[in-house]
1. Using the Cα centre as the reference, give the magnitude of the dipole from point charges on the C-beta atoms of segment B:1-70 (Lys, Arg: +1; Asp, Glu: -1; all else neutral), rounded to the nearest 20 debye.
2. State the volume of the convex hull built on the alpha-carbon positions of chain B, expressed per residue in Å³ and rounded to an integer.
3. Return the sequence-ordered ³J(HN,Hα) values of segment A:90-101 in whole Hz as given by the Karplus equation 6.51 cos²θ - 1.76 cosθ + 1.60 applied to θ = phi - 60°, using x for Gly and Pro.
4. I need to check one value: relative contact order of segment B:101-219, counting alpha carbon pairs closer than 8 Å and at least 6 residues apart, in percent.
5. For segment B:8-97, with the dipole built from +1 on Lys and Arg beta-carbon atoms and -1 on Asp and Glu ones, taken about the Cα centre, which of B:Ala47, B:Ser62, B:Thr78 lies farthest toward the positive end?
6. Per 10 Å bin, what percent of the C-alpha pairs of segment A:342-435 does each bin hold, from zero upward?
7. Once amide H atoms are placed 1.01 Å from N in the peptide plane, what residues at a sequence separation of 5 or more from B:His220, or on another chain, have their amide H within under 5 Å of its amide H?
8. Residue by residue, what Karplus-based ³J(HN,Hα) values in Hz, rounded to whole numbers, does segment B:18-27 have, using 6.51, -1.76 and 1.60 with θ = phi - 60° and x for Gly and Pro?
Protein chains: 2
Amino acid sequence: MQFSKLSGSHLNHLSLIVGAPFVFTDSEIMRTYSRDETEDLEFFPEAVVKPRTPGEISEILSLCNKERIPVTPRGAGTGLSGGALPVCGGVLLSMERFNKIIEIDERNLQSTVEPGVITEVFQNAVKEKGLFYPPDPASKGSCFIGGNIAENAGGPKAVKYGVTRDYVLNLEAVLPTGEIIWTGANVLKNSTGYNLTHLLIGSEGTLGIITKAVVKLIPHPAYDYLMFVPFASPEDACNAVSAIFRGGITPSACEFIERDAFDYAFRYLGEEPLKIEKETGAVLILEVDGNHPDSLLRDCERAAKIMEEYRCGEILFADSSEQKEKIWKVRKCMGLAVKGTTIYKEEDTVVPRALLPELLKRVKEIGKKYGFQSVCYGHAGDGNLHVNIVKGDTSDYDWQHKLPSGITEIFELVVQLGGTISGEHGIGWVQKPYFRIAIDETRMRIMKEIKMTFDPNNILNPGKIFNLPLS
Amino acid sequence: MQFSKLSGSHLNHLSLIVGAPFVFTDSEIMRTYSRDETEDLEFFPEAVVKPRTPGEISEILSLCNKERIPVTPRGAGTGLSGGALPVCGGVLLSMERFNKIIEIDERNLQSTVEPGVITEVFQNAVKEKGLFYPPDPASKGSCFIGGNIAENAGGPKAVKYGVTRDYVLNLEAVLPTGEIIWTGANVLKNSTGYNLTHLLIGSEGTLGIITKAVVKLIPHPAYDYLMFVPFASPEDACNAVSAIFRGGITPSACEFIERDAFDYAFRYLGEEPLKIEKETGAVLILEVDGNHPDSLLRDCERAAKIMEEYRCGEILFADSSEQKEKIWKVRKCMGLAVKGTTIYKEEDTVVPRALLPELLKRVKEIGKKYGFQSVCYGHAGDGNLHVNIVKGDTSDYDWQHKLPSGITEIFELVVQLGGTISGEHGIGWVQKPYFRIAIDETRMRIMKEIKMTFDPNNILNPGKIFNLPLS
């Protein structure tokens, strides 16, 4: 990696492409775009550029490719692996003006959307037409759909409905060479050559800049019920999860939350909207949805019976939208709550679902060994556990020098269990040192060669996922 | 492309790798492996090799890579685009000895399976444990799961459950260089670098040879109901399909069949297990499945009401397994029935669901213009229409010289409608001349460069999807 030096003539050229009001260099704005939601990292771009059309992006990338200027694409900056951090300086290319829902095609249950649309805004727009776009990362109120695609974001509903990948049919993207392509077709099935759509999804803005997405919609389920279920033992809670699936029930959300996470959330919110008993060690949030309330109630009853076998406490059955919102509000603020309280590192481990109790137990053991505490919560139905390692009383020295060994041990464990080091956050900048734990040399070589095919001069989001020399 | 010349010393080396009884060169066996289910094409391999382990395949590929010998991997040979045809001679590598279900992991709802397991055998094995592997191509009684992955096969259930791609979590594959990799991890979500699993799925045996697959299973639905619904007008039938989806019903199968297809099927079966009225122009087969029979019956009623608005005839409601099997037997034999009757070409068009009536109408117009007849059926819920062009009275001259223009026009139409030229059969050998209609120059370049990354000497299934020089 090599840092860029943007010249005055480069800035003039960029202004010619997008218009002078959309090229920024003043330090306050550089500061704003120097961070995303990843820990407390900060990297300053040399300029922020806000294009409006694929054609403008094509011109920007052509220029930067010729001049070897790093370009870091950015959605809403809510990422948790540092994917939008301009670690090599250069141009920060903000997609915020790509904010139109171009079409909601009710006949085909598809929508064409620009990448700068906020996920929840999009969800609400299609819901007005009775339709459903399920991917719902915790940041859905502020994140962009383009960033979700770049990182292959998940969220609570993934357990029933799948992740972002499962809803993307076709992408328009500008390649680092300036070429504009559509990756696929607007269809539900496609066996026409190598699947470039799936290659771009989750590629963290390193292969191309997404400028339009055609996504699949489904009919919005008419009913959903939520259960808030305390357990004394976190292991029992985890074990109940796979029993529920084996019982033939597919919940539309199945979240696991350690007790400590509630303490962080309540402090952050300044209120205790939910009552957590002293003996509660963990909570499951279970949602079912569908069109037939009687069937859903029967599923709830069966799930409750199964959870009782795992010694759950008294189940709170939420059927009013106020109650449901209260529960989701607490769950969704947890990342920010931990971040707001202490220095921390969030890991995005994922293992086969039934191995979650094993993972949880051993994460705590590793913590003890290396002297750190962790707060865990996540999408138990997917085997996706967010391990928030909090600095707390850990000394600066230990945090800097011992923690990486602890994280390495956690990731080695995850891979041993058949899992991997990121379920939905991506590798980006912060997981790059650990990437080799999950990926062997051959796969690494193939990925790098694919990168070079798309981006021969390594100008697009350089320094992410793996290192390549800038030429 | 360049044809190989396998020497005696190559054959000796292959015998050393897999054992002499598993290397074949006699002409009867070469004939057997010279064909798949694609039209009446025939290409002879120079040797058929039947390895048993990834290590053996690694040695075979290392040898062939060094000696520049083409290797064509083959599953059960049921493909419909010629993917398993050894068009450059060389080694035909049959996967038939990779026929073990290694593990059915009931705790995690996953299975590890070898690629030579017959899809239906696998489905039955997991069903015995109450589990469900949905992908069900018409050939499921004979096709291999590895071939399904290589072509990204679909089938009737794709409309609710997705295609093969949606069930593959992780693949072990041998690359043309002899390297053995796992492409991903055994997890439901994965944001750890570029998704090589999705790159291999649907790559038609051109990037690597799949030696193990970890697939996702789901609980088997307890009930399913089938409706057999005649319409006078094929357009009405197609229009009813998207109305059903817009009505919030997601059928577990939604098949469209033109009247003529029944005539072929009945002749092929030698019986008329279903009664088709004289005025019937097309039939929809609609299935719903789930765990709550009362909800399913309500869905059937609502679907029936919607179809009545589109002037359907009397609905046959199949609730006994005999009746259901009878219906599926007729539907699933249609490809073979057409193939057994006349020279034909099967196209695998796919468009956004609501554009199916438009596609059907214009396929018939194009047929009239070029003087050919077609029999259409397919997965209407996915917008995936199999257009069987039958030779019938068409002259040999017209069949050879005019038909390609007609097919070109159909494919141009499909792309214009936002669709593509293969939904589930692949490009393989027979659609290669038309591939450029769906794929622009930039995408073609990227795909070829990806191929060169995996297979620098173009030894693995050369001549498929696109042409590359053999070096």
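The values are calculated or read from the model by the stated rules, or taken from the named source; none is laboratory data. Every value quoted in this text rests on a predicted model; they were computed, and no experiment measured them. Here the Cβ positions follow ideal geometry from the backbone for every residue, glycine too, while neighbour counts run over all protein chains shown. All accessible areas refer to the heavy atoms of the entire protein, side chains included, with ligands and DNA or RNA removed. Shrake-Rupley method; radii C 1.70, N 1.55, O 1.52, S 1.80 Å.
1. 380
2. Cα convex hull per residue, to the nearest whole number: 151 Å³.
3. Values, residue by residue: x, 8, 9, 9, 8, 8, 5, 7, 7, 10, 9, 8 Hz.
4. Values: 225 pairs, mean separation 36.9, N = 119.
Across segment B:101-219, relative contact order equals 31 percent.
5. B:Ser62
6. 17, 54, 26, 2
7. When sequence neighbours closer than 5 places are left aside, the close amide H contacts are B:Leu131, B:Phe132.
8. 9, x, 3, x, 10, 10, 10, 9, 6, 5
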